[in-house]
Every structure is written in structure tokens, then in C-alpha cells.
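Readers should treat all values here as calculations from the given coordinates under stated rules, not as data from a laboratory. Quick caveat: nothing in here was measured; it's all calculated off a predicted structure. Heads up, the Cβs are rebuilt from the backbone with ideal geometry, glycines too, and the neighbour counts pull from every protein chain shown.
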Amino acid sequence: MTEDILYISDDDWQIAKRLADYILPNLKEKMIICFSGASGSGKSVLSYCLAKTIANTHYTIKILHLDDFYRVAPKERTTWRKINGMDKIGVNEYDWPLIEQVSSNFKSGEIAEIPSVDLINQFTDKLIIDFNPINLLIVEGLYAIHHPFSDLNIFIESNPKAVASAQMLRKKEIFDDFRKNVIERECKAVESLKKNADIIVNKDFDSFELI
């Protein structure tokens, strides 16, 4: 995903440092860490901060954004959802076979081709990644902790007002009544995955709980 905008605070760096202090003693070669939470909950920010913090300890890290792995292209997604109905919004919107293939490429240290959405033009480009030198894969997305190959699942709690505020600030999509309904549906789908979490980060980003 390119051209995305992240707003990072000192609190974000602090919670990332605390997570890194917990994760580093348990870090293993070719580990996959997944972040889930509602849209605007801070997944991208915390993934980035954690990656930068761990990278300072000489690990090589790649972040996989699951917004790049939707089955339906960005320009067509709103129309597709309106035609197919709200009940189609959820975990099956991702291309899981492709996600699993890329994850397998990472585990094996192979070269992989991955999609990358250009948020300005709403095009999906292709990136070539050599996973051989990569020690840690961080996967972030609404439904990331549904990932069958994940070694550690982190769930970020949020509240509807904060989600709506983040959506309007980042301007990734038109924020209208339909988008509000989509977010409500996504939040329910995301919440259903909370049972898969190993760690839950609270909505204020000041603490986390081990499950």
C-alpha cells in the first residue's frame, strides 16, 4: 500500500516499545505477527512503530498490508458491496489463498510477487520481494488474526467515535452514510476474531493484556 498517511504520537512509540520488550525474548526465525482491529484503530501505526523498534535490534522486517489483498479492486469495491449486500462484508473479502502463498514464500525464504495498492490512483501494482533475508513478517489488516500461519495475534480495541474520526482524517475513502454502514459491519466482523488474540491492546494505547 503506497501513499498512505500515518499520524504517529509518542504514545504509539511507547506501546510499541513495551510490545517489543515482550516479543523480543520470544522471537523466533521466520515468525509471523498479525495485527487486527477496526478501521482506524491504529493497526498500521502500531505495526510500523513495532517494526522500527525491532529493526533497531538488527532484525530484518517486512510489513504486509492486507488492504492490498482484497479480492475486489479498490475502485470497484463500493459498487460490489452495494450490489452484493452488507452480509458479504467480512473476512472472506480477502484473497486468503494468495495471503497464505505469500506467507509460505516468507517461511521458505523465497521470492514472491505481492499486490500493492496505490491509494492516489486506486491502481493495484505488483511488487517483487526477496524474503530470504527477512526474519520477521508483520501482517496488519482488519481480519489479519484469522491468518492460519500466524505465530502471534495482536488485537487492538477501539471505539466507534475514534474509528470515525480516523477515517475522516486519513481520507482513504469517501466518508458518507454508506461508508458508515460498512464500518459498522466491519467492526462486528473484526470483533468476532477477538477470540483468536494472544495480546489485546486497549483502545487508549497505554497498556496491553496477555491472553
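Restricting to segment 10-206, what percent of DSSP beta bridges are antiparallel, rounded to 5? Roughly 35 percent of the DSSP beta bridges within segment 10-206 come out antiparallel. In plain terms, the chain is cut at each of the GluC sites (Glu not before Pro) found in a DSSP loop with at most 11 other Cβ atoms within 10 Å, and the longest leftover piece is 30-211.
When shorter helices are ignored and each DSSP H run of at least 4 residues is given -39500 (n - 2.57), the per-residue value for the chain at 222 nm works out to -11500 deg cm²/dmol. Springs join every pair of Cα atoms under 10 Å in this Gaussian network model of the chain, and among Leu119, Leu136, Leu64 the largest mean-square fluctuation is at Leu119.
Close amide-amide hydrogen proximity is noted between Val139 and Ile33, Cys34, Phe35, Leu64, each under 5 Å apart and 5 or more residues distant or on a separate chain (H modeled in the peptide plane; Pro and chain starts excluded). Site-free segments of the chain were taken between trypsin sites (Lys or Arg not before Pro) in DSSP loops having at most 10 other Cβ atoms within 10 Å, sites themselves excluded; the longest one is 29-170. Do the alpha carbons of any pairs in Lys82/Lys194; Lys43/Lys194; Lys107/Lys203; Lys88/Lys195; Lys88/Lys188; Lys126/Lys180 sit beyond 24 Å of each other, and which pairs? As for pairs spanning more than 24 Å Cα to Cα, those are Lys82/Lys194; Lys107/Lys203; Lys126/Lys180. Where in segment 191-210 is the amide nitrogen less than 16 Å from a point lying 7 Å along the Cα-to-Cβ axis of Tyr22? Under cut-off, by backbone N: 194-210. Working from Cα pairs under 8 Å separated by at least six residues, relative contact order for the chain is 32 percent. Simple spin-label estimate for Ile211 and Phe178 gives 3.3 nm between the two label positions (7 Å along the Cα-to-Cβ direction from each Cα). Can you bin segment 10-206 into rounded, prolate or oblate? Criterion: square roots of the alpha carbon gyration tensor eigenvalues sorted a ≥ b ≥ c, rounded for a/c under 1.5, prolate for a/b above b/c, oblate for the rest. Note, shape of segment 10-206 comes out oblate.
Taking θ as phi - 60° and the Karplus parameters 6.51, -1.76 and 1.60, the scalar couplings of segment 106-121 work out to 4, 4, 8, x, 9, 7, 9, 9, 10, x, 9, 7, 8, 5, 6, 9 Hz in sequence order, x denoting glycine and proline.
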